[in-house]
Amino acid sequence: MRPQPVETLAASVNRPEGVAAILRRRARGAILTGASLLQRSSSGPFVRCLGGHYVFDDQRHDFERLIVRLRNLGEFITTGDLLDIMQGQAPLDGRYFHLSFDDGLASIWRNGVPILAEHEVPATLFINSAVVSSDAACIREPWERATNYGQSLSVMSWDQLRAAQSAGVEVGAHTRSHTRLSELSSDQERLQSEIAGCKRDIEDALGTPCRAFAWPYGTLRDIDGKAILAIRNAGYEAAFSLVRAPIEPGHTSTFVIPRHHFEPQWPWRHVKFFARGGMERPLDSNRYSLLMNKELICTDEGR
Ligand SMILES: [Zn+2]
């Protein structure tokens, strides 16, 4: 039996060094702390998505504490429940979180899934199917460049993904190779392979429907109308971004679902700030509404 790889936070995450980077980090931390102190708590209903990447071997305690604290702020729901609320098929009558992790890292399987199962928290893992299927250098090296972790990290195997499903975790798609889809607008074949192909890979390997997708990188500049159309046509029901915006049932697109990024090492007050909707800009004041218009235009053209 091969020994379990030990993946720690310090070895696994690139932390830019140098005076400018340190000052930027401190300034961001101070701004977030100040904003969190000024934030008013609201007891009103909300639905909010939270997205991370890893729970390294030295982060189990931090992650479990985070999950327990988040559960005091709201109830975790599945992707199906989220879509029911977003599409008006279920009322938004409580405080709800949807939890997901991108990139399919094995640290989530080792450290995250047992804690989620113990606390009965549903979650979705968005995986890069080509990297699960093969560790050939021609697949693995571009993925490592794209994801930019501090060391070569292990990803979940199909067997582990099957076992995670049995523990209550949903498996979604994150493209085959972690590609920035907005750069593939002129390459329809590649776009299809990354989007529809990833869905096919997952369904063939796991034998269960793959309903949800997460945009690699996830910011507004990584998302475009042609890719939204390809995601819809592939048969996905939802696509998650990393845009911090409010979810308004009946208005927010289910193909650019806002999601708040967090990781287990972040100070609780910062995670709490985002979990309470910090930095959410109204739809009409940023490019999010433009994207939704682009989605509508593409859908009309596609019919
Ligand atoms: Zn990713």
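The values are calculated or read from the model by the stated rules, or taken from the named source; none is laboratory data. This one's a predicted model, so the numbers in the text were calculated from it and none came from an experiment. Backbone-built Cβ (ideal geometry, glycine too); neighbour counts: all protein chains shown. Side chains are part of the model used for accessible areas, which takes the heavy atoms of the whole protein and leaves out ligands, DNA and RNA. Shrake-Rupley method; radii C 1.70, N 1.55, O 1.52, S 1.80 Å.
Tabulated results
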{"item": "Hits in the stretch 178-234 - residues which are within 16 Å of the ligand (Cβ to nearest atom), farther than 16 Å from Ser129 by Cα and of a type in the set (Val, Ile, Thr)", "result": "Thr219, Ile223"}
{"item": "Selection count where residues are at pLDDT 95 or above and part of a helix (DSSP H, G or I), scope the stretch 195-226", "result": "12"}
{"item": "Where Tyr54 falls short, out of the listed (1) part of a helix (DSSP H, G or I); (2) open to solvent by less than 80 Å² (accessible area, probe 1.4 Å); (3) at pLDDT 85 or above; (4) of a type outside the set (A, V, I, L, M, F, W, C)", "result": "(1)"}
{"item": "Residue match in the stretch 275-292 (condition: modelled with pLDDT of 90 or more, under 23 Å from Glu170 (Cα atoms) and crowded, with 19+ Cβ neighbours inside 10 Å)", "result": "yes"}
{"item": "Residue match in the stretch 35-50 (condition: part of a helix (DSSP H, G or I) and either within 16 Å of the ligand (Cβ to nearest atom) or surrounded by 14 or more Cβ atoms within 10 Å (Cβ to Cβ) (or both))", "result": "yes"}
{"item": "Every pair of residues 6+ apart whose Cβ atoms lie under 6 Å, when the first sits in the stretch 216-227 and is aromatic (Phe, Trp, Tyr) while the second is assigned to a loop (DSSP other than H, G, I, E, B) and within 13 Å of the ligand (Cβ to nearest atom)", "result": "Tyr217/Arg180"}
{"item": "Hey, Leu32 away from the ligand (no atom under 16 Å from the Cβ), at pLDDT 95 or above and open to solvent by less than 60 Å² (accessible area, probe 1.4 Å) or not", "result": "no"}
{"item": "Helices (runs of 4 or more DSSP H) contained entirely in the stretch 110-194, each with at least 2 residues that are in contact with a helix residue (DSSP H, G or I) (Cβ under 7 Å, 6 or more places away or on another chain) and open to solvent by 40 Å² or more (accessible area, probe 1.4 Å)", "result": "158-166"}
{"item": "Among residues of the stretch 86-107, those that are closer than 18 Å to Pro122 by Cβ and either within 16 Å of the ligand (Cβ to nearest atom) or touching a Cys at 6+ places or on another chain (Cβ under 7 Å) (or both), counted", "result": "6"}
{"item": "Pair list, Cβ under 6 Å, 6 or more apart: the stretch 94-116 residue touching a residue at least 12 places away in the same chain (Cβ under 8 Å), other residue more than 16 Å from the ligand (Cβ to nearest atom) and among the polar types (S, T, N, Q)", "result": "Trp109/Gln160"}
{"item": "Residue list for the stretch 70-84, filter: open to solvent by 10 Å² or more (accessible area, probe 1.4 Å) and in a helix (DSSP H, G or I)", "result": "Arg71, Asn72, Leu73, Gly80, Asp81, Asp84"}
{"item": "Conditions (1) closer than 23 Å to Gly250 by Cα; (2) in a helix (DSSP H, G or I): number failed by Asp93", "result": "(2)"}
{"item": "Output for the stretch 223-235, where each listed residue is buried (at least 23 other Cβ atoms within 10 Å of the Cβ) and not small (Gly, Ala, Ser)", "result": "Ile223, Ile228, Ile231"}
